[in-house]
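Enquirer: I'd like to ask you about the structure that follows.
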Amino acid sequence: MTVTVKTFARLDEAAGALTSERGARFLGGGTLVMRALNEADPAIATVVRSTDPALMQIALSSSRIELGAGVTMAMILAERELAFLHPVARAVGGPAVREAATVGGNLFAPSPYGDFATALLALDATATLAGPDKRELPLEELLGRRERSVALVARVAFARPATGAFRFAKVTRVRPKGVSVLSIAAQLPLASGRVAGARIAYGAMDRTPVRAKAAERALEGRSLDATAIAPALAVAADGTAPADDAIASAWWRREILPVHLRRLLLGEQV
Ligand SMILES: Cc1cc2nc3c(=O)[nH]c(=O)nc-3n(C[C@H](O)[C@H](O)[C@H](O)COP(=O)(O)OP(=O)(O)OC[C@H]3O[C@@H](n4cnc5c(N)ncnc54)[C@H](O)[C@@H]3O)c2cc1C
């Protein structure tokens, strides 16, 4: 089967081609798309690329962070001001994968992939779409509809978390570069030593990264000590629907989730 490659200078043109052509797939870093092409995936008839420099932009201020969808994990690791995200970027594959793997591609990577998307969900990020459907939408909404509609993400943006408020843990069987059994990202702002507005997200606990809303509610107003977090741990797996796959069973994922959430909340090493 012949695959056509179309390259556009502007993201909006690429988005137009993506939505108007059947079997069109956007190429980010290609760590998953190229694998699918090499396996002759019949669903891909056209590969859409863009050389728009906006894809690679990183815009940092003291309060807000914007990452072009084409920013790679290696670029994040090279940016000192994004140090709080380094454990997340470092958790994505090995060095070769991180050179190519993009932020945008991670949003669409099937579970159990999606470690960076999990972090972005905890950070309350928005995604800006390019092309005819151009708008900024909450990441949660994008993830919820990613299997039903085609969209080209131009960039993601989020408020810089307070120092020390962001935490991330990845549980894997193979260190340092195994695929997630699960991942947990949390933004835990404190007011007078108590949690005020927690956002917790899980990777590999559903078809897409998901919020841990029951645990978030149970943490509100609590301090981060063993007694106070117990109600949150009791509801840690509420609302999740993990899969049985080659990495772990759904049962195992639910069993170990509270153990690792406990360690993350108490600031212990996972
Ligand atoms: C050996 C190996 C190990 C891996 N380990 C991990 C891991 O530990 N953790 C993890 O999270 N992932 C892992 N991955 C999966 C993958 O590498 C990452 O998720 C990566 O971030 C995907 O980005 P990409 O740019 O390579 O995506 P691509 O392969 O280019 O694209 C993936 C999907 O996203 C879509 N897409 C890409 N960019 C956009 C955009 N801007 N807008 C809309 N759609 C877009 C593509 O059309 C495609 O459907 C691994 C992959 C491999 C091959």
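Enquirer: Among 98, 199, 64, which one moves the most in a GNM of the chain with springs linking Cα atoms closer than 10 Å?
Expert: 64
Enquirer: Pairs to check: 6/134; 134/213; 6/177. Give those whose C-alpha atoms are more than 31 Å from each other in this structure. Spell out each step's value before the answer.
Expert: Details: 6/134 21 Å; 134/213 29 Å; 6/177 33 Å.
Listed pairs above 31 Å: 6/177.
Enquirer: Students often check this: by mean Cβ neighbours within 10 Å, which of 140-149, 212-221 ranks highest, and how do the rest follow? Mind dumping the intermediate values first?
Expert: Details: 140-149: 14.3, 212-221: 19.2.
Ranked by mean Cβ neighbours within 10 Å, highest first: 212-221, 140-149.
Enquirer: Now, a different point. If each DSSP helix of 4+ residues adds -39,500 (n - 2.57) and the sum is divided by the residues in the chain, what number results at 222 nm, nearest 500 deg cm²/dmol?
Expert: Details: 11 runs with 86 residues, N = 270.
Helix contribution divided over all residues of the chain: -8500 deg cm²/dmol.
Enquirer: Continuing with the same structure: Taking H as built 1.01 Å from N, whose amide H comes closer than 5 Å to the amide H of residue 101, not counting residues under 5 places away?
Expert: 73
Enquirer: What residue among 210, 97, 156 shows peak mean-square fluctuation when the chain is described by a Gaussian network model with Cα springs under 10 Å?
Expert: For the chain, modelled as a Gaussian network with Cα springs under 10 Å, the answer is 97.
Enquirer: When the scattering of the chain is computed by the Debye formula from its Cα atoms alone, each counted once and equally, what is log10 I(q)/I(0) at q = 0.10 Å⁻¹?
Expert: -0.50
Enquirer: If you don't mind, there's one more thing I want to ask. Enter the mean projected area of the convex hull around the alpha-carbon atoms of the stretch 102-164, in nm², rounded to one decimal. Kindly include the intermediate steps, with their values, before the conclusion.
Expert: Numbers: hull surface 17.9 nm².
Directional mean of the projected Cα hull area for the stretch 102-164 stands at 4.5 nm².
Enquirer: Please list the radius of gyration and Dmax for the stretch 1-85, considering alpha-carbon atoms only, with Å as the unit.
Expert: When restricted to the Cα atoms of the stretch 1-85, Rg and Dmax are 15.3, 50 Å.
Enquirer: What is the pair-distance distribution P(r) of the stretch 133-192, computed from all Cα-Cα distances in 5 Å bins starting at 0, with each bin given as a whole percent?
Expert: Whole-percent P(r) values from 0 Å outward: 4, 12, 16, 14, 17, 21, 12, 4, 1.
Enquirer: Could you tell me how many degrees, from 0 to 90 and to the nearest 10, lie between the Cα long axis of helix 250-266 and the main elongation axis, the longest principal axis, of the Cα atoms of the chain?
Expert: Roughly 60 degrees, rounded to the nearest 10.
Enquirer: Another question about this same structure. 5 Å is the cut-off here: which amide hydrogens, built 1.01 Å from N in the peptide plane, fall below it relative to residue 155, excluding neighbours closer than 5 in sequence?
Expert: For residue 155, whose amide H was placed from the backbone, the distant partners under 5 Å are 69, 128.
Enquirer: Less than 10 Å Cβ to Cβ from residue 166, Lys/Arg counted +1 and Asp/Glu -1: what total charge do the surrounding residues give? Could the numbers behind the result be given before it?
Expert: Numbers: positive: 160, 167, 199; negative: none.
Charge balance in the 10 Å sphere: +3.
Enquirer: Same structure, new question: If you build a Gaussian network model of the chain, linking Cα atoms that sit under 10 Å apart, which residue out of 66, 39, 99 swings the most?
Expert: Taking springs between Cα atoms under 10 Å, the residue moving most is 39.
Enquirer: To continue, here is another question. Tell me, what is the percent relative contact order of the chain, built from C-alpha pairs under 8 Å that lie six or more residues apart? Mind showing how you got there, number by number?
Expert: On the way: 563 pairs, mean separation 39.6, N = 270.
Over the chain, the number comes to 15 percent.
Enquirer: Could you work out the Rg to Rh ratio of the stretch 124-270, with Rh taken as the Kirkwood radius (inverse of the mean 1/r over all Cα pairs)? Don't skip to the answer; put the middle values down first.
Expert: Numbers: Rg = 16.2 Å, Rh = 16.4 Å.
On the Cα set of the stretch 124-270, Rg over Rh gives 0.99.
The numbers here are math on the coordinates, done by the rules we state, and not lab data. This is a predicted model, so every value here is computed, not measured. When we count neighbours, we look across all protein chains shown, and the Cβ atoms used for this are built from the backbone with ideal geometry, even at glycine.
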